[in-house]
């Protein structure tokens, strides 16, 4: 004892009785150092080393947009200093710092509710943990997300949420991708203390698409906020108080909005799930393929979840420019049409009128023979609404090599001018519509034609109070919209400047005119389009920094077909045709085809045009092929094959290329790269995927039109939102929707 | 029909001392295979599909494929595998489509001899086979 300055004492167990049997006896020496004796000595001994914090990247690789860099503030998240814009909340500040805070009710695209309390974090100098989703971040705030208080708060909230939550995991569709499961594993405690009866709630019926099990609801109100803010329908609401709270429609009402399927993604638990997908698969057995939707011209990014050869469901992908995180009901639920009415073998119509399956050799040999027996100007090729750019290029090359100029795409009426791209594209991109403050919709109902564009218009109307005016047949909108008129008369008045709306148009800073592609079918379309362009020029709609003249196309294949030059030139091409090649085109007026013409139908569904066809060649659908599609704003995207081909089908372009070889006019490419290099010589923007080629020329090159505007009012283009193409017409879910959900 | 030939099971894998012995075993194997061909045709009902000469040709083609090998041990192993295959076939452990697919020469044989296939490009030949090429 007392050996120098260091005092050391050996500890022995107090009594032999307390020593457990088989532990070895450990000697522990107590050592004291000068730093530990007094704080001054500690400060002197060594300076505190700066914590070597690794650089933090924001959650999910997000980029932080500083709208006003001078007003950036600095907060500290877990000791890490981070610069954020002024209006950010604590949760967003933590996201920038790379810390993902658990949450149930907060969603970055919806308003803040702050009722789940799962996002509680500890902030220095605050008596209670704060709800980070609602608390604005103040300069110099020190936020701590992993302290015992924050962890205890999360465990407590989790315990409360699970108290009334039913034990449905084995039968709940959300199992495996459930926020509640994931967050209770990560942040919850291991045991609960609830021993009473759980409450249960009666289920509601929202329609054939959304399945509700109300007992599982945790009352986060995400669906309520989505329906009222993004979808614009005030269907859902919270009834009751306390533990008796229910989400419902109060009256027996179905959710008829075209964005109703997105509540399935939004709901963090299994309360709102997909009814067609109910009990079909678990998410871990599905293979996700990131591809593009072709049911409309928007080209929403989707992920196709497939199990083996079957598409099980379709989920949206994030794309800020086009569809954000939403997809329309048609996109989401029409996948079961891919399983019905599929063409799988080449077929030839017998002498008694019935179809007989043949081999590819025989089918192509027959076509190759017949195509040489007709005169070149009697050959007609029509591409369909779901055709990709490669197949349209090969079709055009083949028909041209046979000596004919009659190849066009559905929806491209006679006389459409494809020289100037600004005359058929959405020149303000879909994301650019957010900057507009006045919308003039001419002959288009964006709600049924392109639901994502409609969602974007609604977002702009909500965010910046933009005004919307509409010329066309009466239809309902999910935002405030002034109905100016039903026909071209109103358009003429605005063009002449005699309509009261002209003043609003002149005062708008960024006006956006959206013309529907349904107007292309009118006989007086040149006059109407020149009236539109004169309105655009008179009101400074097209400027170097803002191009507000937009055309909303209807079909996924239209933009690419116009870029490639598939336009209809001769007026009576179809009526005088002897050989008609329909590549997936079902909207062709079959009665116009002469009775003795030989019709070849190449497509994936046995839809309307098959009944007139003499020969059927089975092709692949968009989930089975790699194809290039251009959306209505000019952005080129590619689909990726998610499931194998059905039966003996082949890719569209391969069929036409093989046909060209059998007919003796062999095309010079035999791989998809070859087709793409051919496309590059015609329309190079179609080869640059995920890039939007802005239009080059403005209305200064517009040709003058001499026609007069007729007085027939604008007609609605889409009669039934749920059934617009061959896939949706074959889908049982779409049939249920159109029977039940359409507003009569 | 000639008297059916019973395949004597060679239990112990043979160890050939030198190349000559290996060669002798190869020919013995070929003879055993050819002698079991009538049984095979009978078991799998290949009378209308293929002639025994074609099957003999197929077997000899496969043996000739390995004609360049000089190591007796390797030859023994190949013979063992060949014997195994032959035993499976004779024991009806395989099925008709296996025999037709593996030994009735090639997938495109029936059409390969057609004259129209000469002028076709690879693209067209692959196109007729499947969508994935």
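List of remarks:
- Relative contact order (%) - criterion: Cα under 8 Å, at least six apart; region: chain A: 13 percent
- Label-point gap, in nm, between residue A:287 and residue A:489 - each point 7 angstrom along Cα→Cβ: 6.0 nm
- For region A:183-316: relative contact order, % (alpha-carbon pairs under 8 angstrom, 6 or more apart): 19 percent
- Counting only other chain Cβ atoms within 10 Å of each residue's Cβ, the peptide B:124-133 averages 6.
- Those residues of region A:576-604 whose amide nitrogen sits under 14 Å from the label point placed on residue A:611, 7 Å along Cα→Cβ: A:586-592
- Potential lengthening between residue A:56 and residue A:671 on full extension [0.36 nm per residue; Cα-Cα distance subtracted]: 216.9 nm
- D by Stokes-Einstein for region A:267-330, Kirkwood Rh over Cα pairs, 4 °C, 1.567 mPa s: 102 µm²/s.
- C-alpha long axis of helix A:652-662 to longest principal axis of chain A, angle in °: 40 degrees
- P(r), alpha carbons of region A:370-472 - 5 Å bins starting at zero, rounded %: 2, 10, 14, 17, 14, 10, 9, 9, 6, 4, 2, 1, 0
- Kirkwood radius and radius of gyration were both taken over the C-alpha atoms of region A:594-720, and their ratio Rg/Rh is 1.05.
- In Å, descending, principal axis extents of the Cα set of region A:522-673: 55, 39, 30
- Computed from the C-beta positions of residue A:202 and residue A:690, the FRET efficiency with R₀ = 56 Å rounds to 0.75.
- Unit Cα scatterers, Debye sum, region A:45-193: log10 I(q)/I(0) for q = 0.12, 0.14, 0.21 Å⁻¹: -0.57, -0.74, -1.37
- Kirkwood hydrodynamic radius (C-alpha pairs) into Stokes-Einstein, region A:227-350, 4 °C and 1.567 mPa s, D in µm²/s: 77 µm²/s
- Label-point separation in nm, residue A:241 to residue A:431, each point 7 Å along Cα→Cβ: 4.6 nm
- Over all projection directions, the Cα-based convex hull of region A:506-600 averages an area of 7.8 nm².
- Folded to 0 to 90 degrees: helix A:148-163 orientation relative to chain A principal axis, Cα: 60 degrees
- With a Förster radius of 60 Å applied to the C-beta separation of residue B:6 and residue A:375, the computed FRET efficiency comes to 0.25.
- Rounded if a/c under 1.5, otherwise prolate or oblate - region A:109-151, Cα gyration tensor axes: oblate
- Quotient of Cα Rg and 2.2 N^0.38 Å for region A:339-387, N being how many residues it contains: 1.40
- Paramagnetic reach from residue A:462 (point 7 Å along Cα→Cβ, amide N under 13 Å) across region A:232-255: A:232-236
- Using a Förster distance of 45 Å, the FRET efficiency for residue A:365-residue A:419 (Cβ separation, nearest 0.05): 0.70
- Stokes-Einstein D (µm²/s) once Rh is taken as the Kirkwood radius of region A:405-560 over alpha-carbon pairs, at 37 °C in 0.692 mPa s: 209 µm²/s
- The simple spin-label model puts a point 7 Å past each Cα toward its Cβ; for residue A:339 and residue A:37 those points are separated by 8.1 nm.
- Gain in span if fully extended, residue A:109 to residue A:128, counting 0.36 nm per residue against the direct Cα distance: 4.1 nm
- Shielding by other protein chains, A:637-648, mean Cβ within 10 Å: 1
- Relative contact order of region A:301-359: 22 percent, from C-alpha pairs under 8 Å at least 6 residues apart in sequence.
- Summarising the strand pairing of chain A, around 55 percent of its internal DSSP beta bridges are antiparallel.
- Burial ordering of B:36, A:359, fewest other beta-carbon atoms within 10 Å first: A:359, B:36
- With one equal scatterer per alpha carbon and no solvent term, the Debye-computed log10 I(q)/I(0) for region A:131-237 at 0.10 1/Å reads -0.41.
- Binned Cα-Cα distances of the protein assembly as shown, short to long, each 10 Å bin given as a whole percent: 2, 10, 15, 17, 16, 13, 10, 8, 5, 3, 1, 0
- Paired Rg and Dmax values of region A:191-262, which use every Cα atom, in angstrom: 13.5, 43
- Peptide A:649-658 has a mean shielding of 3, counted as Cβ atoms of other protein chains within 10 Å of each residue's Cβ.
- Region A:295-384: projected area of the alpha-carbon convex hull, averaged over directions, in nm²: 9.5 nm²
Read the figures in this text as sums done on the coordinates, not as results from a lab. Since this is a predicted model, take the numbers as computed values, not measurements. Heads up, the Cβs are rebuilt from the backbone with ideal geometry, glycines too, and the neighbour counts pull from every protein chain shown.
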